[in-house]
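The block underneath contains the structure these notes are about, expressed in structure tokens.
The values are calculated or read from the model by the stated rules, or taken from the named source; none is laboratory data. Since this is a predicted model, take the numbers as computed values, not measurements. Heads up, the Cβs are rebuilt from the backbone with ideal geometry, glycines too, and the neighbour counts pull from every protein chain shown.
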Amino acid sequence: MYRADGSKKSARGFLGPIKNLVSGRTMTEFSTDLGDDFEFEGRTYPANMSIPTMVPTQRPEAIEYMQNMKEGTGLNRSIPMEAEIGDVAISHAHMRITKGLNPFYQDGEDE
């Protein structure tokens, strides 16, 4: 499988395959994009940069919430749970990027 930008997706992701309860399909990343240029902790990220939301720092309630979202649905930051999911994903992506890692899980890496 491939992301919208053409890069190859992992079949595992950070959390392993998780069933989307709306579509019945397996999800490993549940990607979102940052929209406009985005600044976080002094670093500016480019517009429309995609990051995974299915990351190890999400609460179990957030993972369950994402399992019940329709595929392709963006995060609505006016909904508290969706804002939390986005914030956790941004923080996790930032941590990986500052370490020189891809924000997405890469097959063969150990996190």
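Scan the stretch 69-111 residue by residue and report those that are touching a Ser or Thr at 6+ places or on another chain (Cβ under 6 Å) and either of a type in the set (A, V, I, L, M, F, W, C) or not in a loop (DSSP other than H, G, I, E, B) (or both).
Residues satisfying the conditions are L75, I85, V88, A89, H92.
Taking the stated definitions as given, is I63 at pLDDT 95 or above, under 13 Å from the mean Cα position of the chain (by Cα) and either farther than 25 Å from Y2 by Cβ or of a type in the set (A, V, I, L, M) (or both)?
Answer is yes for this residue.
Just to be sure, is T57 among the polar types (S, T, N, Q), within 12 Å of the chain's Cα centre (by Cα), within 18 Å of F14 (Cβ to Cβ) and buried (at least 18 other Cβ atoms within 10 Å of the Cβ)?
no
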